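**Student:** Got a structure here, written out as structure tokens. Questions coming.
The values are calculated or read from the model by the stated rules, or taken from the named source; none is laboratory data. Computed from a predicted structure; not experimentally measured. Reconstructed Cβ throughout: ideal geometry from the backbone, glycine too, with neighbour counts over all protein chains shown. These area figures cover heavy atoms from the full protein model, side chains too; ligands, DNA and RNA do not enter into them. Shrake-Rupley method; radii C 1.70, N 1.55, O 1.52, S 1.80 Å.
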Amino acid sequence: MKQTVFNNAQLEILNLMAYAKSSETLSDLKQVISDFFAQKVEDEVNLLWQNGELSEEKVESFRTLHERTPYK
């Protein structure tokens, strides 16, 4: 049987779950985590814009981007 090894972040989340006694608390906690990662993404995108790695032209090019694997 394969043993699961948790990293420190996973262990901290598990410890926090001990305090989630209601579905409302769980929902609030999920929202906080979601907001945290959304902010991280926004910060990274802003950094890409500031560095010039992302531009309006590049974003527009995504509209016609097709990277799907052709299936036969």
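**Student:** Choose one of 55, 69, 45: the residue whose Cα lies farthest towards the positive end of the charge dipole of the chain (beta-carbon charges +1 Lys, Arg; -1 Asp, Glu; about the Cα centre).
**Tutor:** The listed residue farthest towards the positive side: 69.
**Student:** I'd like to check one number: the per residue accessible area of the chain, probe 1.4 Å, reported in Å² as a whole number.
**Tutor:** Working: 7200 Å² over 72 residues.
Value for the chain: 100 Å² per residue.
**Student:** Further question: How big is the dipole moment of the chain about its Cα centre under a simple scheme where the beta carbon of each Lys and Arg is +1, that of each Asp and Glu is -1, and everything else is neutral? Debye, nearest 20, please. Intermediate results must be reported in sequence, preceding the final value.
**Tutor:** Details: 8 positive and 12 negative charges, 119 e Å.
That gives a dipole near 580 debye.
**Student:** Measure nothing but the geometry: give the 0 to 90° angle between the long axis through the Cα atoms of 23-51 and the longest principal axis through the Cα atoms of the chain, rounded to 10°.
**Tutor:** Between helix and principal axis, roughly 30 degrees.
**Student:** Which percent of the accessible area of the chain is formed by carbon and sulfur heavy atoms (probe 1.4 angstrom)? Walk me through the numbers on the way to the answer.
**Tutor:** On the way: 4030 of 7200 Å².
Its accessible area is 56 percent carbon and sulfur atoms.
**Student:** Could I ask something else about it? Which residue, chosen from 27, 13, 3, occupies the Cα position most advanced towards the positive end of the dipole of segment 1-45, where the dipole is computed from +1 (Lys, Arg) and -1 (Asp, Glu) charges on Cβ about the Cα centre?
**Tutor:** Result: 3, furthest along the dipole toward the positive end.
**Student:** Here is a follow-up. Direction-averaged shadow area of the convex hull around the Cα atoms of the chain, nm²?
**Tutor:** On the way: hull surface 41.8 nm².
Averaged projected area of the chain's Cα convex hull equals 10.4 nm².
**Student:** Something else now. By how many degrees, between 0 and 90 and to the nearest 10, does the Cα long axis of helix 8-17 differ from the longest principal axis of the chain?
**Tutor:** 60
**Student:** Could you work out [θ]222 nm for the chain from helices alone, using -39500 (n - 2.57) per DSSP H run of at least four and dividing by all its residues? Round to the nearest 500 deg cm²/dmol.
**Tutor:** Numbers: 3 runs with 45 residues, N = 72.
About -20500 deg cm²/dmol.
**Student:** Moving to a separate point now. Quickly work out the residue 29-to-residue 56 label distance, labels modelled 7 Å from Cα along the C-beta direction, and quote it in nm with one decimal.
**Tutor:** Computed distance between label sites residue 56 and residue 29 equals 4.5 nm.
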